[in-house]
Amino acid sequence: MGTIHLFRKPQRSFFGKLLQEFRLVAADRRSWKILLFGAVNLICTGFLLMWCSSTNSMALTAYTYLTIFDLFSLITCLISYWVMMKKPSPVYSFGFERLEVLAVFASTVLAQLGALFILKESAERFLEQPEIHTGRLLVGTFVALSFNLFTMLSIQNKPFAYVSEAASTSWLQEHVADLSRSLCGIIPGLSSIFLPRMNPFVLIDLAGAFALCITYMLIEINNYFAVDTASAVAIALMTFGTMYPMSVYSGKVLLQTTPPHVIGQLDKLIREVSTLDGVLEVRNEHFWTLGFGSLAGSVHVRIRRDANEQMVLAHVTNRLYTLVSTLTVQIFKDDWVRPAVLSGPAAASVRHFSDHHVISMPLLKNTDDVTPVTSTPAKPSSPPPEFSFNTPGKNMSPVILLNTQTRPYGLGFNHGHAPYSSMLHQGLGVPGIGATQGFRTGFTNMPSRYGNSSRIGQTRP
């Protein structure tokens, strides 16, 4: 006997997991209508393919491909319902919204591949045109048209509805819109139907049915069989032109690009965030489309040291949440860096001590000889102030100054108060030379004698 694993879960196969998720979707009553339309679609597609073979019509075959595209749209609608039921997991932290984007992209690309196949077959038929039987050509046209329109108008397909409005218009929509403006100028009541632009799926169904009706009439009147191939080319071009903008839009979503129509709004919100109280800088901002109608983004915000992190985070999230539904904000406080004045141990960036002045600050034990000039008098029991104006340092560690000058030391003994505004731009300075770059400190002008050695009149070696 083998080892018995008491707590080992049985591993399900891929088809087992797929069946489990299908049962989850089928439990929702909203999906019953979609499953019913899917079953009717399979039956209609089977009959249409048989009629295409009996009539030998390439135009009817191209129109039947639109019925197959309706089946893909129904599957996309089922995936959309499944995405709404599923919650984000540790593996998929952003959820499964991109799956419906992938479904739309795959459906439109397959429709374009079908159109390219029709174009290839039509090019071969132009060389040798076969005879077309019109017995069931008109019947198949009306069956396909009625089912396509009934499916598009009865099922609320949110992914394709969003893509058809957000994507750019096709050439067929633009030409129909021009004709609609002229027609609505004569009959204003039709503006609610034809303007601003028609549904691209309804439009291509009507245009394909119109091309098949013309084909039927010309073949019945003049036995002009080449018109069937021309109608197939026209339906394929209309299909390709309608699906191409949708595949481009969904492909950009999959590539995590920022939608062009929201870039201006995002720039405005970033400027508003940068003017919030406590915010110093907004950088490394990145925004992308997570799914249809949902944006995700991340941003780094640098704030003042005395600012409240939670308050700034709440304000930044409140401003950006109007557009960005999934937002990650990294807040870090401003870190004061002192590149010119380094106290204590030498930093790793100080590589060459020949470029720096090392000034040893002795401890002044006799406090009576020193008259500090400070805003508040120092008490004997209190420690000396860390920052004081023109006061020699007490209990200070050695200070390393960046050497940016090569002139000799002067004889200046300048005492007195240094203005507070200059403390933000002045650091420790060498007498007679001037102040070096640094941050606020109280040692702006120091005597030329430090300790026991005097460097009066000497040049730096």
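Numbers for the structure displayed
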{"item": "Selection count, segment 165-186, where residues are of a type outside the set (A, V, I, L, M) and closer than 20 Å to A236 by Cβ", "result": "6"}
{"item": "Criterion (of a type in the set (G, A, S), buried (at least 18 other Cβ atoms within 10 Å of the Cβ), touching a Phe, Trp or Tyr at 6+ places or on another chain (Cβ under 7 Å) and at pLDDT 85 or above) met by exactly one of S250, S231, S180", "result": "S250"}
{"item": "Checklist (1) within 42 Å of the chain's Cα centre (by Cα); (2) touching a residue at least 40 places away in the same chain (Cβ under 8 Å); (3) not in a helix (DSSP H, G or I) applied to P130, failing item", "result": "(1)"}
{"item": "Leading residue by the ranking (most open to solvent (accessible area, probe 1.4 Å)) among those in segment 268-291 that are of a type in the set (D, E, K, R) and over 24 Å from F94 (Cα atoms)", "result": "R271"}
{"item": "Answer residue from segment 38-64, given it is among the β-branched types (V, I, T) and under 43 Å from the mean Cα position of the chain (by Cα) and is most open to solvent (accessible area, probe 1.4 Å) among those", "result": "I43"}
{"item": "Of all residues in segment 16-33 being assigned to a helix (DSSP H, G or I) and more than 32 Å from the chain's Cα centre (by Cα), the one that is farthest from T76 (Cα to Cα)", "result": "G16"}
{"item": "Number of the exception - T141 against (1) part of a helix (DSSP H, G or I); (2) open to solvent by 80 Å² or more (accessible area, probe 1.4 Å)", "result": "(2)"}
{"item": "Criterion (closer than 22 Å to F72 by Cα, of a type outside the set (G, A, S) and open to solvent by 50 Å² or more (accessible area, probe 1.4 Å)) met by exactly one of F210, F240, F160, F201", "result": "F240"}
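The values are calculated or read from the model by the stated rules, or taken from the named source; none is laboratory data. Predicted model only: the values in this text are computed from it and were never measured. Here the Cβ is made from the backbone with ideal geometry for all residues, glycine too, and neighbour counts use every protein chain on show. Surface accessibility is based on the protein's heavy atoms, side chains included, excluding ligands, DNA and RNA. Shrake-Rupley method; radii C 1.70, N 1.55, O 1.52, S 1.80 Å.
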